[in-house]
Amino acid sequence: MTADLLVATTLVGLVAAAAGAAAPERFRARVVSALTAAACACGLAVALDVLRSGRAAVVHTGRLLPLGGLSLALDRFGALFVAISAVVAICAMVFRLGYDGHGFSSRTASCVLPLFVTALLLVPAAASVTTFLFVWELMAVTSLLLVLVDHRRRPEVAVAAQWYAVMTQFGAAALLAGLVLLATHAGGQSFAAIASGSSGMPAWVRGTAFVLVAVGFGSKAGMVPLHVWLPRAHPEAPGPVSALMSAAMVNLGVYGIVRVGDGLLGGGPAWWWLLVMGLGALSALFGSLHAATSTDLKRLLAYSTTDNMGLVLLGVGAAGLFASTGHRSLALVALVAALLHVVFHAMFKGSLFLSASSFQQATGTRDLDRLGGLLRRMPVTGSLFLVGAGAIAALPPLCGFVSEWLLLQALLHGLPSSDPSLAIALPVGVGVLALTGGLTALTFVKAAGIGLLGRPRGTQAAEAGEVPRSMWAGAGVLATLCLVFGVAPSLVVPAVLDAARAVTASRVPGPLVRGWDVGLLGARGVLAPGLLALGLLVAVVLVAGVRSALQRAAVRRTEAWGCGREMQTARMQYTATSFGEPLTRVFEDVLTPAHDLDVSHVAESRYYVEAATFHTSLDDAFERHGYRHAASGLAWWGRLARRVPNGSVHRYLAFGLAALVVVLVVLG
């Protein structure tokens, strides 16, 4: 039955793509959204059945793909990622019914979107190198086409797509090299053959392959320094696509690292996982710092994806490091914490991106310096954004608090340690987790305070109204799950624990969940999210009751932060730029901001200033110091190469002769 549902997922997705190409424009969005949601429902059903029963869903046919055919085998670990992608995609399809993105209802976009979603559902089920690379490339190409939807109207979309295309193909090349290296030494391209033969491979083969796949998968997860496509492509993509990319697609980078490192190679030496921890820590710090200083709302969310994926990689690396040093129980806890954060990140980041897209549709801008007062004009969407912001800032009783608490406990209980790698890496991990937590809180205080509260800073924000119900319904489901999983994490922790055990073949006894509580084996600290939520509710009710009972005078309403003034204007409020200015000054050597002051004088006299405009822009340090120089070098080689084909037949024959000589020398 599960295999039939896996086939149905693929077939319904293909039917949805065909409907997107053939359906009339009047019904196209509804038909494609309904069929794509149906494919996701099939995928969710098979994933939940695999998670419940532990029986893998296996499909194999030798006719569809060369070199072994199409091979799918969905186990508990892959089923967890299929379930995440299915839930996010269903909410995105509901959101799409009211979304009015430019060009997103075209035949091309309507045909490509179901293919992208279907590829997201099939990547975790791929069971051979050929199948995996096929569906992975399908996911990459379709997501690139969706980013390009609005390229004719906005030139910055084409630039973002170029960055995305280069980085995603670079990652695909690294994956191809790493997986082919493993398949060659295993004597077969199926994942089962690689897993059974990995123990007999030379250490250099295992290490080289792991580094290659870590680079390939890390580029998709937004890992620094391979993240440069993410803050460009995510903001420019249509709303539902940016939610799918940030809440579902980046997760598959984490899936790949764990699948290869733990599932196929059976773990590895400490240096593998120290590398993953180091890159995760760098990603978390760099992403949170840029998110805290960004004024573009969707760019801010994109950098926060790099931040959160960095925390996930920190947990994955800690799990591998614990396992390599013999701490099996802590390894399982760290991996569960990382995977739990993947689940919860999908919920709150999907809600945040969909809400931000609603703000953009209602106001026509993503610039926080031009927003303000949206909570009063868009109360439902604004409230949903606040829930997502609280979850990503790890505020109880929301889901982000549970996963970050569990990750912190795993790192803390690894100390003190006599192992040098643990003694150095774990305190650094704790420090990174603490610092990024503070920066994330600052980021979303800025995003919510500047964008939702205060007065509108532009006519677009002042004239904004609530979006259609389908849009806030899609975001609302994900926001509701943030609260439900935060109060009752026992609904999802057992499935995550089973997935972690499936990929690592761990036999460590004892659950992480005791009833409604979350705790660690042998540790005194226990988190009771339900009791915590109840306590917060009781405290709020008591404070409100006492305030109402003791209040004797009538309530006088005045403007917030009015300071006694009768009339406030938007110019008296902080902007997003000024809010992040202190942090920009502290980290000026890292951020290297560019300042631009434009002064206009009165026409009659150059001594009197009529207006002054100050603008600060922040470039990505890795892009500025690394990728732009590389691009300049490639451009130079390109100009040089254009001189070669000068139309001379003799030159072309000489090239052919030289190539023939090289081939004969190599073969001889």
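Every number in this text was worked out from the coordinates using simple rules, so none of it is lab data. Bear in mind the structure is a predicted one, so any value in this text is a computation, not a measurement. So basically every Cβ, Gly included, is an ideal-geometry build from the backbone, and we count neighbours across all protein chains shown.
Rounded to the nearest 20 debye, the dipole size of the chain about its Cα centre is 700 debye, using +1 on the Cβ of Lys and Arg and -1 on the Cβ of Asp and Glu. Taking label points 7 Å from Cα along the Cα-to-Cβ direction, W636 and Q169 give a separation of 2.2 nm. If R0 equals 30 Å, the separation of the Cβ atoms of T569 and L542 corresponds to a calculated FRET efficiency of about 0.20.
Given their separation in residues at 0.36 nm each and the Cα-Cα distance between them, T480 and A21 gain 161.9 nm when the chain is fully extended. Simple point charges give the picture: +1 on the Cβ of Lys and Arg, -1 on the Cβ of Asp and Glu, and for the stretch 372-518 a dipole about the Cα centre of about 380 debye. Note on L597 and A621: with the Förster distance fixed at 25 Å, the Cβ-Cβ geometry gives a FRET efficiency of about 0.60.
In this structure, L660 and T208 have a Cβ-Cβ separation that, at R0 = 56 Å, corresponds to a calculated FRET efficiency of about 0.95. Are there trypsin sites (Lys or Arg not before Pro) in the stretch 46-111 that DSSP marks as loop and that have at most 10 other Cβ atoms within 10 Å, and which are they? Passing sites in the stretch 46-111 are R63.
For the stretch 441-459, backbone nitrogen atoms closer than 20 Å to the point 7 Å from T558 Cα along Cα-to-C-beta are found at 454-455. Peptides 490-501, 429-440, 326-337 ordered by packing proxy, namely the average of other Cβ atoms within 10 Å per residue, highest first: 326-337, 490-501, 429-440. Per-residue Cβ neighbour counts within 10 Å put H629, H227 in the sequence H629, H227, beginning with the fewest.
Loop-located GluC sites (Glu not before Pro) in the stretch 402-482 (DSSP state not H, G, I, E or B) with no more than 16 neighbouring Cβ atoms inside 10 Å: E463, E466.
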